[in-house]
Each structure stands twice: as structure tokens, then as C-alpha cells.
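Structure first, then comments.
The values are calculated or read from the model by the stated rules, or taken from the named source; none is laboratory data. Keep in mind that what you see is a predicted model, and the values were worked out from it rather than measured. Positions of Cβ are backbone-derived with ideal geometry, glycine not excepted, and every protein chain shown enters the neighbour counts.
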Amino acid sequence: MRRPDVGPELLVTSRRQRVKALARPAAGIALYAVVGWAAADRPALWLLAPVVVFGVFVAVVTVTHDVVHRAIGLGPGGTEWALFFCGLVLLESGHAYRATHLQHHRRFPRDDDPEGYPARISALGAVLYGPVFLARLWWWAFRRERGRRGWLLAEAAALPIATAAGVLLWPRTPAVLAYVVMAVAGSWVYPLLTVHLPHDQHGDSPLTQTRTLRGRVVPAVFLELTYHLEHHLYPQVPSHHLAELSRRLDPFLAANGVRPRRVP
């Protein structure tokens with residue numbers, strides 16, 4: 001299967017696009033802090049907290065995805081620090097994610113793809129796998145990324161430090177511990193939402209190993225992460241160009257019998 005040339009301009013990220021992508025996680029944390037501060041006097045505002053944290057998850061996953069694939073124009077040093085700080089926002093390991101995600105692109109659906117494992121089990125199994133998913137990916141990366149173990153250990157320390165801080169600060173504000181709980185619980189859906197559902201019942205060819213969702217609202221809410229097939233075919237295309245990539249690929253996909261799923 002020869003993939004079409006979709007244009008080198010889709011590989012370009014402007015400085016404005018790069019700053020915007022990298023600033024979103026920090027903006028989400030700032031908004032959460034405002035909600036936590038305001039909720040001290042108006043507890044009903046805590047209902048907004050999960051919505052804000054959801055936005056933080058989408059922002060972090062999107063930009064980290066682009067950083068992992070060197071798709072937003074960062075140099076080697078900037079990439080390392082971006083992985084560290086983006087992972088830190090969700091109390092996860094950006095360096096472990098890079099190691100396992102690149103392995104996923106190289107090896108899916110083979111057994112030596114630890115990130116792709118939830119695609120080979122049931123939906124219920126993927127749900128139950130959630131609490132151990134990130135820990136197993138971190139351990140896989142730690143055993144193989146000897147030169148980056150310092151980064152991995154520093155990132156692993158983020159969760160216990162944040163948890164301890166949340167407990168100590170609880171008498172003054174529940175915001176920190178609440179964020180830790182929501183960040184951890186949110187990570188439990190990764191196996192189902194980011195692996196099992198996009199890759200369930202995968203085929204043998206690159207065009208049938210994953211799915212793509214088209215629409216206006218859902219792709220926008222998820223910052224274009226729903227274009228999963230397009231991403232697997234062209235992983236160097238940054239997320240902000242995936243919608244345009246999907247339009248350019250429409251004739252190619254149609255000619256090969258691929259029918260994108262439509263969502264709102």
C-alpha cells in the first residue's frame with residue numbers, strides 16, 4: 001500500500017501554534033486553581049472541577065502526543081523538558097509515554113507492544129486494567145531506557161509528593177488532594193478510551209488497525225485526537241493539522257474501502 005503525498009505544509013508548526021499547544025495545560029491548571037479558590041465560598045462550584053480536569057487531560061494528552069513525535073518544532077532539550085512538565089501536570093511520566101508510544105507505532109498489534117495490550121482483551125478487561133496500566137508502562141520503559149532513568153524516577157516521584165502535599169494542605173483547601181484523586185482516576189480510562197476502543201477488532205493492514213471518527217463537535221472537544229487512523233498513517237503530522245489531513249485522505253480511504261465513523 002503506497003500512502004499518498006499529502007503535502008509538506010502539514011508538517012509545519014508555527015510559533016503561535018506551538019506556544020498555544022504548550023500553554024493549554026498551564027491555563028487549565030490556572031483555571032482549576034480559580035475554581036478551587038472560588039469553591040471555598042461557593043461549594044457548588046466544585047461541580048465544575050471535573051470538567052476543568054477533563055480539559056486538562058485533553059490538553060496534556062494532545063500536546064504530549066505531538067512532543068513525542070517531534071511534531072511541534074522543539075529541539076532535543078526542549079523535547080525532554082516538555083515531556084517532563086507535561087507529564088507532571090497529570091502526575092504521569094512523559095518519558096515513559098514516549099518510550100511505550102513509539103513502540104506502539106513500531107510494533108502494534110504484536111505482543112511486544114505494551115501500550116497496545118488493552119486492544120487484545122475485552123472492554124471489561126480494559127476497564128479493570130486501568131489502575132495498573134501506567135505503572136506497567138513505566139516499568140517497561142524503566143527497564144529499557146537506561147539513559148533516561150533519572151527522568152523516569154523524577155516523574156515517578158510526582159504522584160507521592162502531590163499526594164502528601166494534598167493531605168498536608170487539606171485543612172486549608174481540599175483542592176490539591178481532589179486534583180490528585182481526579183488525575184489518578186482519570187488515567188484509569190486510558191486503556192479503554194485510548195487503546196481498546198480505537199483498536200478493537202483491528203485488522204492486519206495499516207488501514208484496518210485503528211479507526212477514525214469524523215464530525216464537528218467531538219473532534220474539536222478532543223483537540224483532533226479522534227483522527228486516530230490518520231495519526232497512525234502520518235504520525236509526524238501535528239494534531240492541529242489532522243482535520244486537514246483527514247480531508248486530503250478522503251479519496252484514498254474511500255478507494256481502499258475505509259468508511260470513517262461519523263459523530264456529532
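Residues checked against (1) surrounded by 13 or more Cβ atoms within 10 Å (Cβ to Cβ); (2) closer than 30 Å to GLN103 by Cα; (3) charged (D, E, K, R); (4) in contact with a Pro (Cβ under 7 Å, 6 or more places away or on another chain):
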site: ARG15; (1), (2), (3), (4): no, yes, yes, no
site: ARG18; (1), (2), (3), (4): yes, yes, yes, no
site: PRO25; (1), (2), (3), (4): yes, yes, no, no
site: TYR32; (1), (2), (3), (4): yes, no, no, no
site: TRP37; (1), (2), (3), (4): no, no, no, no
site: PRO43; (1), (2), (3), (4): no, no, no, no
site: LEU47; (1), (2), (3), (4): no, no, no, no
site: THR62; (1), (2), (3), (4): yes, yes, no, no
site: ARG70; (1), (2), (3), (4): yes, yes, yes, no
When VAL180 is evaluated against the numbered criteria (1) more than 26 Å from GLU92 (Cα to Cα); (2) of a type in the set (A, V, I, L, M, F, W, C); (3) under 20 Å from the mean Cα position of the chain (by Cα), which criterion, by number, is the only one it fails?
(1)
So, first residue surrounded by 15 or more Cβ atoms within 10 Å (Cβ to Cβ) in segment 131-159, second residue modelled with pLDDT under 95 and not charged (D, E, K, R), Cβ within less than 7 Å, six or more apart or across chains; the pairs are none
Options PRO219, PRO251; residue that is assigned to a helix (DSSP H, G or I) and in contact with a strand residue (DSSP E or B) (Cβ under 9 Å, 6 or more places away or on another chain):
PRO219
Please go through segment 231-241 and give me each residue that is under 14 Å from PRO219 (Cβ atoms) and surrounded by fewer than 22 Cβ atoms within 10 Å (Cβ to Cβ), ordered by number.
HIS240
What about VAL258, is it assigned to a loop (DSSP other than H, G, I, E, B), of a type in the set (Val, Ile, Thr) and more than 21 Å from the chain's Cα centre (by Cα)?
yes
Search result, residues across segment 181-217 that are of a type in the set (Val, Ile, Thr) and within 30 Å of ALA156 (Cα to Cα)
VAL181, VAL184, VAL189, THR194, VAL195
For TYR179, indicate whether it is touching a helix residue (DSSP H, G or I) at 6+ places or on another chain (Cβ under 6 Å), of a type in the set (Ser, Thr, Tyr) and assigned to a helix (DSSP H, G or I).
no
Looking at the structure I just gave you, is THR13 under 26 Å from ALA220 (Cα atoms), assigned to a loop (DSSP other than H, G, I, E, B) and polar (S, T, N, Q)?
yes
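For (1) of a type outside the set (Asp, Glu); (2) closer than 19 Å to VAL52 by Cα; (3) under 18 Å from the mean Cα position of the chain (by Cα), each residue gets a yes or a no:
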residue: GLY116; (1), (2), (3): yes, no, yes
residue: ARG120; (1), (2), (3): yes, no, no
residue: ALA135; (1), (2), (3): yes, no, yes
residue: PHE142; (1), (2), (3): yes, no, no
residue: ARG149; (1), (2), (3): yes, no, no
residue: ALA156; (1), (2), (3): yes, no, yes
residue: LEU168; (1), (2), (3): yes, no, no
residue: TRP188; (1), (2), (3): yes, yes, yes
